[in-house]
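Notes follow the structure.
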Amino acid sequence: MKLFVLALLAASGAFAQKVEIEFDQSIDFSKFKTFAIRDGRLSSRNPSLNSDLVRKRIDADIRKFLEARGLEFTPAGRSDLNIRYTLGAAARVQREVYPAGWRGWGTRVVRVPYTEGTLVIDLRDPGTRSLVWRAITRADKSNAAQIEARLDDMVKKSFEKYPPKPKP
């Protein structure tokens with residue numbers, strides 16, 4: 001029973017959300033006032049993550065969080081930032097090793113299957129056609145439907161550190 005509880009605790013630690021932010025430190029982000037969502041790609045074989053409804057939901061979340069940061073959405077025409085994103089999911093297996101046997105002198109290997117969902121959001125300057133900011137959010141859940149339920153949170157966590165603070 002103790003082994004089972006340890007396996008559950010270790011497995012729950014694997015199912016977390018990780019956010020990486022990259023940006024061009026030479027860019028003054030205060031100059032960006034408008035944005036347009038140009039391209040959203042869904043690259044998952046799972047139907048719960050590969051639909052127009054998911055695309056609309058991500059578009060709405062991006063729009064909501066950038067507008068909360070003071071940017072204005074421009075559906076057509078010229079914008080200061082072009083947004084592109086990709087959502088993908090892949091099945092993964094994590095291997096956990098625990099002491100087992102008489103006095104713990106053996107080992108027991110438990111395979112924990114999970115789904116890794118990755119959302120990459122790129123902000124590009126259309127004037128220079130260069131990438132100025134990128135957020136990569138990874139969520140590890142037991143299945144793709146749980147990742148779909150966490151999409152709003154994935155987008156929110158991506159934009160928590162936008163605009164980035166200038167380095168002195």
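The values are calculated or read from the model by the stated rules, or taken from the named source; none is laboratory data. A quick note: this is a predicted structure, and the numbers were derived from the prediction, not measured. All Cβ positions, even for glycine, are placed from backbone atoms using ideal geometry, and neighbour counts span all protein chains on display.
Brief remarks follow.
- Residue under evaluation Glu67, criteria (1) more than 17 Å from Leu42 (Cβ to Cβ); (2) assigned to a strand (DSSP E or B), criterion not met: (2)
- Residues satisfying the stated conditions in the range 70-108, i.e. assigned to a strand (DSSP E or B), farther than 23 Å from Val120 by Cα and among the aromatic types (Phe, Trp, Tyr): Tyr98
- Pick from the range 109-130, criterion outside any loop (DSSP other than H, G, I, E, B) and of a type in the set (Gly, Ala, Ser), ranking: surrounded by the most Cβ atoms within 10 Å (Cβ to Cβ): Gly117
- Note on the range 48-64: residues that are part of a helix (DSSP H, G or I), farther than 15 Å from Ile37 by Cβ and of a type in the set (Gly, Ala, Ser) amount to 0.
- Pairs meeting the criteria (first residue in the range 30-55 and aromatic (Phe, Trp, Tyr), second residue exposed (fewer than 14 other Cβ atoms within 10 Å of the Cβ), beta carbons under 8 Å, at least 6 apart or on different chains) are Phe35/Glu72.
- Residue check for Ser12: in a helix (DSSP H, G or I), over 22 Å from Ile136 (Cβ atoms), modelled with pLDDT of 85 or more and out of contact with any Phe, Trp or Tyr (no Cβ under 7 Å at 6 or more places or on another chain): no
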